[in-house]
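Have a look at the structure below before the remarks.
What follows draws every value from the coordinates through simple rules; no lab data is involved. Being a predicted model, the structure only gives us computed values, none of them experimental. In this analysis, Cβ positions are derived from the backbone assuming ideal geometry, glycine residues included, and neighbour counts consider all displayed protein chains.
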Amino acid sequence: MSTQTKPRSLRPAVGFIWQHPAHFIALGFGSGLIYPAPGTWGTLMGVAMYPLILFGCKAIPMPLYAVVLALCLLVFVLGCFCADRAGRALGVPDHGSIVIDEIVAVWLVLLTVPATFTGWLAAFLAFRLFDILKPWPIRWLDRRVKGGFGVMIDDVLAAVFAIAALQGVQLLLPLR
């Protein structure tokens, strides 16, 4: 069967994440195996990991914003490799179970909102909205840019859209 006809929703076996470290990372440390809606579960994994990132960043003598952005860039590059490897192994380049892209993207959105329940809920919802709807040019990128970079970049652009929307909302109704 060609990679074009395999469904994005065919769930890999749990053992798949242990076949290579790249699979474990690409599938969001296992969160991409949760169905339905693995992208939502991957985003929730990203939100759950974020307090650990904030805690860890306090030990680094740099502004929090710079440390989180550097971490996002590092995980983005790692995610490109891992998503590509997992996609090839699954036979579907942008398999629905690959959620490292959601994790990195939601970290970017979380960085721009208050570290409160309301702020993080708004970040989660705004990111999921743009990731699911994929307005232009997100959908264009999703269809045309291939490989691990293609998997990662459309979610980063969805994060940019979510950040812009949340900044607009905060001008009218500050998140607390």
Open item on the list: So the label point goes 7 Å from the Cα of Ile132 along Cα→C-beta, right? Which residues of region 17-58 then have their backbone N under 16 Å from it?
Closed with: 35-45
Open item on the list: Only Cα pairs within less than 10 Å get springs; with that Gaussian network setup on the chain, which residue of Gly30, Gly15, Gly46 has the largest fluctuation?
Closed with: Gly15
Task: region 42-176 - Rg (one decimal) and Dmax (whole number), Cα, Å - done: 14.8, 47
Task: Charge context of Val109, other residues only, Cβ under 15 angstrom, K/R +1, D/E -1 - done: -4
TODO: Using a cut-off of under 15 Å, list every residue of region 72-105 whose amide N is near the label point 7 Å from the Cα of Arg11 along the Cα-to-beta-carbon line.
DONE: 96-98
Open item on the list: Given a 10 angstrom Cα cut-off, can you work out which residue in Ala70, Ala86, Ala162 is the most mobile in a GNM of the chain?
Closed with: Ala70
TODO: Considering only Met152, Met49, Met62, give the residue with the highest GNM mean-square fluctuation for the chain, with springs between Cα atoms whenever their separation is below 10 Å.
DONE: Met62
Task: Extreme residue, positive dipole direction of the chain, given options Leu33, Pro21, Leu64 (C-beta unit charges) - done: Leu33
